[in-house]
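The values are calculated or read from the model by the stated rules, or taken from the named source; none is laboratory data. The structure presented is a predicted model; accordingly, all values stated were derived computationally and were not measured. Every residue, glycine as well, gets a Cβ built from its backbone with ideal geometry; the counts of neighbours run over all protein chains shown. Please note that ligands, DNA and RNA were not included when accessible areas were found on the heavy atoms of the full protein model with its side chains. Shrake-Rupley method; radii C 1.70, N 1.55, O 1.52, S 1.80 Å.
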Amino acid sequence: MSLAIKLALGPLLLAQAIYTRRTLPKLPEASGPRHGTVGRGNTGPRLLIVGDSSAAGVGVDNQDEALAGRLSRALARRLGSRVRWQLCALSGVTSAQAIALLDVAELADVAVVVTGVNDVIDQVRPAAALAARERLLAALRERTAIRHAVMTPVPPMHRFAGLPQPLRWLAGRDAAAHEAALARWAAGRPGVSHLPFDLPLDDPALLARDGFHPGAPLYRLWAERLADHIASEVWPRL
């Protein structure tokens with residue numbers, strides 16, 4: 001049905017996509033170091049965050065407020081240990097393009113993979129996106145020796161206030177298809193987990209000013225959920 005809708009609404013959707021690209025505020029990636037060590041005590045997990053603009057911290061000023069900084073600190077608090085972290089991220093990358101980011105990646109125990117939105121935007125089919133994630137997972141294991149990968153979900157794009165209707169509704173349908181396929185794929189792979197998305201995107205105060213990327217409060221909530229998952233479900237079993 002999505003293909004039929006896209007064909008029927010093609011001219012309108014194209015016009016909205018062009019307009020949105022021109023008018024949506026182009027926010028920079030968060031500034032600051034992309035690697036470091038936080039916490040005290042025994043040596044804990046080596047953490048790698050890899051992915052797109054949300055991994056890169058678009059929507060906040062610095063990495064301390066973004067996913068990497070908040071997640072590494074939250075994880076160190078929960079484990080009572082030191083966490084060495086690295087961020088390999090670039091705005092606009094798809095799941096397939098994220099593989100190139102690993103050229104500078106160091107050894108890690110746990111990787112958090114943040115991709116999917118650009119697969120939807122670039123009209124990558126869910127099956128092709130999963131094949132790319134399979135290659136990305138293999139590259140992570142080969143190049144960084146990770147023992148576990150946490151796949152973050154494809155967010156519900158129908159709740160992105162920065163997108164006009166009906167483009168927002170259709171993007172939401174495509175994102176839901178990608179997310180369902182990702183959840184099934186992750187469930188069948190050892191050393192992989194998938195964390196469902198239940199964050200309050202309906203609250204504009206949690207989003208960046210573009211209505212598309214997380215703001216500081218949403219990065220904090222997201223990091224806390226990920227830290228809980230890694231500290232309770234992932235790290236004790238590695």
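List of remarks:
- Candidates 42, 62, 118: whichever shows maximal mean-square fluctuation once the chain is modelled as a Gaussian network with Cα springs under 10 Å: 42
- Between the range 151-200 and the range 92-129, the Cα center-to-center distance that results, in Å: 14
- Accessible surface of the range 60-138, 1.4 Å probe, proportion on carbon and sulfur as whole %: 51
- For the chain, calculated [θ]222 nm from helices alone, where every DSSP H run of n ≥ 4 adds -39500 (n - 2.57): -12500 deg cm²/dmol
- DSSP beta bridges fully contained in the chain are about 20 percent antiparallel.
- Inter-label distance, residue 131 to residue 184: 1.7 nm, where each label sits 7 Å from its Cα along the C-beta direction.
- Global form of the range 108-219, assessed from the alpha-carbon gyration tensor, a/c cut-off 1.5: prolate
- Taking one quarter of the surface of the convex hull spanned by the alpha-carbon atoms of the range 15-151 gives a direction-averaged projected area of 8.5 nm².
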